[in-house]
Amino acid sequence: MSSSIITADKLTKTFGDFKAVDQISFEVTKGEIFGFLGANGAGKTTAMRMLCGLSLPTSGKATVAGFDVYEETEKIKQNIGYMSQKFSLYEDLTVKENMRFYGGIYGMSNKYIKTKTAEILSQLHIQKEENVLVKSLPLGWKQKLAFSVAIFHEPSIVFLDEPTGGVDPVARREFWNMIYQAAAEGITIFVTTHYMDEAEYCNRVSIMVDGKIEALDAPTALKIKYQAKSMDEVFLKLARKAVRNAD
Amino acid sequence: MQSIVVKNISKSYGKKGEIAALHDISFEVETGSLFGIIGPDGAGKTTLFRILTTLLLADKGTATVEGMDVVLSFKEIRKRIGYMPGKFSLYPDLSVEENLNFFATIFNTSIEENYDLIKDIYVQIEPFKKRKAGKLSGGMKQKLALSCALIHRPEVLFLDEPTTGVDAVSRKEFWEMLKGLKAQGITILVSTPYMDEASLCDKVALIQKGQILTINTPQGIVDEFEYPLWAAKSANMLQLLNNLKNLPYIKDVYPFGEYHHIVLQSAEGVELLKKYVASQTAEKIEILKVVPNIEDCFIGFMNK
């Protein structure tokens with residue numbers, strides 16, 4: 001499978017006796033929108049941190065963008081984008097300064113940064129706001145800008161950790177439109193969310209329960225398998241089985 | 001009887017008051033009811049909660065809680081309400097039990113005296129009562145915070161975004177707890193950015209950019225939706241969305257889970273839509289009439 005951008009084989013992380021992530025195996029295909037779901041405490045964040053090269057696994061194997069999660073964590077960091085609801089942009093820097101900063105961090109050339117910045121400003125129709133502090137932008141704009149910044153260096157995969165929490169319903173949909181476009185341009189999307197309607201927008205979805213991947217398939221297939229009308233129902237059926245109660 | 005009465009409240013921030021947080025907000029909450037303030041981040045929900053819990057002064061307007069003015073009678077109000085802020089605000093280096101004891105003592109009561117009120121919630125975290133609050137999981141922190149807000153048996157409970165960032169299962173459980181508290185006669189004002197939670201309230205106010213869009217029962221809001229609403233899906237959803245956007249009789253179309261929702265300009269649009277679907281032989285499109293939910297209504301108000 002040369003088109004796999006993430007491969008995980010029995011990937012495990014334990015903290016003492018606690019198996020936060022328990023032998024998860026899966027593959028994510030290039031250009032796919034992959035939904036990574038699970039209840040609080042199911043192990044999503046721990047798994048994501050391993051895939052982003054931020055935390056070493058206890059056992060098992062995994063590669064991200066062709067790089068090994070034990071040996072090549074720095075290479076992984078250069079080749080992925082990351083965005084979360086909590087931390088994304090510097091509030092006290094302007095729109096333009098944020099892009100300059102992130103471009104610099106990823107070692108992009110001045111010329112690239114200049115062209116890319118102009119491109120993003122026009123895509124988001126915020127040319128007039130280029131010198132505005134990020135903290136004074138409405139939340140919906142911030143999230144869209146944060147996503148653009150996360151893929152500024154044109155990574156092969158971007159990890160989105162609850163990107164749309166608290167965003168209004170219209171902005172939430174505009175955000176997903178951007179995700180679709182990025183995926184169409186070949187960027188793989190790895191996304192977590194608590195909104196179950198957003199799970200429907202993914203090509204495939206995995207659901208983690210107590211550290212294990214309990215289900216992985218296209219939303220339509222999952223609904224048939226679990227005889228559910230919506231992904232919300234599928235999620236509730238699986239997540240209710242959880243015995244563990246921790247974040 | 002009205003437990004909370006808000007009249008023309010406005011509040012701005014900034015040196016010159018240039019950032020308007022609330023603009024001329026008015027609503028009433030009936031005693032013993034569960035009232036939801038539904039809106040995205042930045043809508044003004046927290047500002048409103050801080051004014052009603054006597055922690056912030058409004059620029060204009062008045063508000064009463066249990067008949068008492070939030071400015072004149074702030075001390076008395078504080079004794080009779082429970083407040084759970086959106087941000088976890090208990091003492092992280094005190095244990096679960098110590099936190100609860102602390103709040104009980106502050107209000108001149110004891111855990112034993114009001115145990116029956118918090119029992120259903122507290123038993124779930126009691127096995128961890130020696131653990132420091134800062135070391136609890138998100139779900140457990142939420143239960144402890146709710147227990148602390150209830151320990152003095154308040155008449156009105158203010159919950160600011162209690163379910164934000166919480167998974168679908170825990171959110172359902174939390175709303176079950178609220179039903180139980182309502183049954184004990186406590187008036188509850190709760191805010192949330194999750195539109196689907198509106199249906200669990202007796203009455204809701206939809207709020208956006210500091211202004212109330214509408215106040216009604218959940219069913220009433222759905223009944224207010226004045227356009228025919230249909231849903232469509234096909235093998236290529238992105239293409240379908242772009243095609244539908246260009247049809248003149250469609251007022252709005254947006255993704256909605258498995259389907260796209262189509263808001264038609266008028267009833268005549270239904271036949272036109274059906275004809276369009278029949279004419280698209282290259283790609284099979286499935287359509288069906290749907291009942292709007294709160295999110296459809298919210299989008300409708302935002303486009304007004």
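When region A:94-132 is filtered for residues that are over 25 Å from A:Glu74 (Cβ atoms), in contact with a helix residue (DSSP H, G or I) (Cβ under 8 Å, 6 or more places away or on another chain) and not charged (D, E, K, R), the ones remaining, listed by number, are A:Thr94, A:Val95, A:Thr117, A:Ile120, A:Leu121, A:Gln123, A:Leu124, A:Ile126, A:Gln127, A:Asn131, A:Val132.
Within region A:218-232, restricting attention to residues that are surrounded by fewer than 16 Cβ atoms within 10 Å (Cβ to Cβ) and either under 22 Å from A:Gly165 (Cβ atoms) or not hydroxyl-bearing (Ser, Thr, Tyr) (or both), which residue is nearest to the other protein chains (Cβ to nearest Cβ)? Restricting to residues being surrounded by fewer than 16 Cβ atoms within 10 Å (Cβ to Cβ) and either under 22 Å from A:Gly165 (Cβ atoms) or not hydroxyl-bearing (Ser, Thr, Tyr) (or both), the top hit is A:Lys229. Among the residues making up region B:177-209, those that are surrounded by fewer than 17 Cβ atoms within 10 Å (Cβ to Cβ), closer than 18 Å to B:Gln219 by Cβ and of a type outside the set (Lys, Arg) are B:Ser199, B:Asp202.
The lone criterion from (1) open to solvent by 10 Å² or more (accessible area, probe 1.4 Å); (2) at pLDDT 95 or above; (3) under 21 Å from B:Ile19 (Cβ atoms) left unmet by A:Met108 is number (3). Taking region B:13-54 as the range and being touching a Pro at 6+ places or on another chain (Cβ under 9 Å) and touching a residue at least 12 places away in the same chain (Cβ under 8 Å) as the test, the residues that pass are B:Gly36, B:Ile38, B:Gly39, B:Pro40, B:Asp41, B:Gly42, B:Ala43, B:Lys45, B:Thr46, B:Phe49, B:Thr53. Under 30 Å from A:Ala171 (Cα atoms), in contact with a strand residue (DSSP E or B) (Cβ under 6 Å, 6 or more places away or on another chain) and within 14 Å of another protein chain (Cβ to nearest Cβ): is that true of B:Asp167 in this structure? No; evaluated as a whole, the condition is false for this residue.
Got at least one residue in region B:113-134 being in a loop (DSSP other than H, G, I, E, B), within 30 Å of A:Thr45 (Cβ to Cβ), open to solvent by 60 Å² or more (accessible area, probe 1.4 Å) and more than 14 Å from chain A (Cβ to nearest Cβ)? Within region B:113-134, one or more residues are in a loop (DSSP other than H, G, I, E, B), within 30 Å of A:Thr45 (Cβ to Cβ), open to solvent by 60 Å² or more (accessible area, probe 1.4 Å) and more than 14 Å from chain A (Cβ to nearest Cβ). Quickly run through region B:142-160 and pick out the residues that are assigned to a helix (DSSP H, G or I) and under 20 Å from B:Lys45 (Cβ atoms). If the condition is that a residue be assigned to a helix (DSSP H, G or I) and under 20 Å from B:Lys45 (Cβ atoms), then B:Gln142, B:Ala145, B:Leu146, B:Ala149 are the ones that fit. I'd like to know if region A:176-198 contains one or more residues that are hydroxyl-bearing (Ser, Thr, Tyr) and farther than 18 Å from A:Lys44 by Cβ. The answer is yes, given that some residue of region A:176-198 is hydroxyl-bearing (Ser, Thr, Tyr) and farther than 18 Å from A:Lys44 by Cβ. Within the bounds of region A:25-35, is there any residue that is in contact with a helix residue (DSSP H, G or I) (Cβ under 8 Å, 6 or more places away or on another chain), under 25 Å from A:Asp197 (Cβ atoms) and assigned to a strand (DSSP E or B)? Checked against the condition, which is being in contact with a helix residue (DSSP H, G or I) (Cβ under 8 Å, 6 or more places away or on another chain), under 25 Å from A:Asp197 (Cβ atoms) and assigned to a strand (DSSP E or B), region A:25-35 yields at least one hit. Could you grab me the full set of residues in region A:157-166 that are open to solvent by 10 Å² or more (accessible area, probe 1.4 Å) and more than 12 Å from the chain's Cα centre (by Cα)? Listed by number, the list holds a single entry, A:Gly165. Give just the number: which of (1) within 22 Å of B:Ile4 (Cβ to Cβ); (2) crowded, with 22+ Cβ neighbours inside 10 Å does B:Lys143 not satisfy? Among (1) within 22 Å of B:Ile4 (Cβ to Cβ); (2) crowded, with 22+ Cβ neighbours inside 10 Å, the lone unmet condition for B:Lys143 is (1). The single condition from (1) open to solvent by 10 Å² or more (accessible area, probe 1.4 Å); (2) assigned to a loop (DSSP other than H, G, I, E, B) that B:Lys172 fails is (2). Scanning region A:143-187 for residues that are in a loop (DSSP other than H, G, I, E, B), among the aliphatic types (A, V, I, L, M) and more than 9 Å from chain B (Cβ to nearest Cβ) turns up A:Ile151, A:Ile187. Of the candidates A:Lys61, A:Lys77, the single residue that is in a strand (DSSP E or B), without any contact (Cβ under 8 Å) to a residue 60 or more places away in the chain and either open to solvent by 60 Å² or more (accessible area, probe 1.4 Å) or closer than 28 Å to A:Gln181 by Cβ (or both) is A:Lys61.
Take the residues of region B:146-164 that are open to solvent by 30 Å² or more (accessible area, probe 1.4 Å) and either more than 18 Å from B:Ile77 (Cβ to Cβ) or aliphatic (A, V, I, L, M) (or both): which is farthest from the other protein chains (Cβ to nearest Cβ)? Break it down into steps so the answer makes sense when it comes.
The initial filter retains those residues of region B:146-164 that are open to solvent by 30 Å² or more (accessible area, probe 1.4 Å), namely B:153, B:155, B:161, B:164.
Of the ones still in play, those that are also either more than 18 Å from B:Ile77 (Cβ to Cβ) or aliphatic (A, V, I, L, M) (or both) are B:161, B:164.
On the way: B:Glu161: 8, B:Thr164: 7 Å.
Top of the filtered list is B:Glu161.
Quick check on A:Tyr180: is it surrounded by fewer than 20 Cβ atoms within 10 Å (Cβ to Cβ), aromatic (Phe, Trp, Tyr) and in contact (Cβ under 8 Å) with a residue 60 or more places away in the chain? For A:Tyr180, the condition - surrounded by fewer than 20 Cβ atoms within 10 Å (Cβ to Cβ), aromatic (Phe, Trp, Tyr) and in contact (Cβ under 8 Å) with a residue 60 or more places away in the chain - is met.
Residues in region A:188-217 that are outside any strand (DSSP E or B) and either touching a helix residue (DSSP H, G or I) at 6+ places or on another chain (Cβ under 9 Å) or within 12 Å of chain B (Cβ to nearest Cβ) (or both): A:Thr193, A:His194, A:Tyr195, A:Met196, A:Asp197, A:Glu198, A:Ala199, A:Glu200, A:Tyr201, A:Cys202, A:Asn203, A:Gly211.
The values are calculated or read from the model by the stated rules, or taken from the named source; none is laboratory data. Because the structure is predicted, anything quoted here is derived from the model rather than measured. Cβ coordinates were reconstructed from backbone atoms using ideal geometry, including for glycine residues, and neighbour counts include every protein chain displayed. The accessibility values were calculated without ligands, DNA or RNA, using every heavy atom of the protein model including side chains. Shrake-Rupley method; radii C 1.70, N 1.55, O 1.52, S 1.80 Å.
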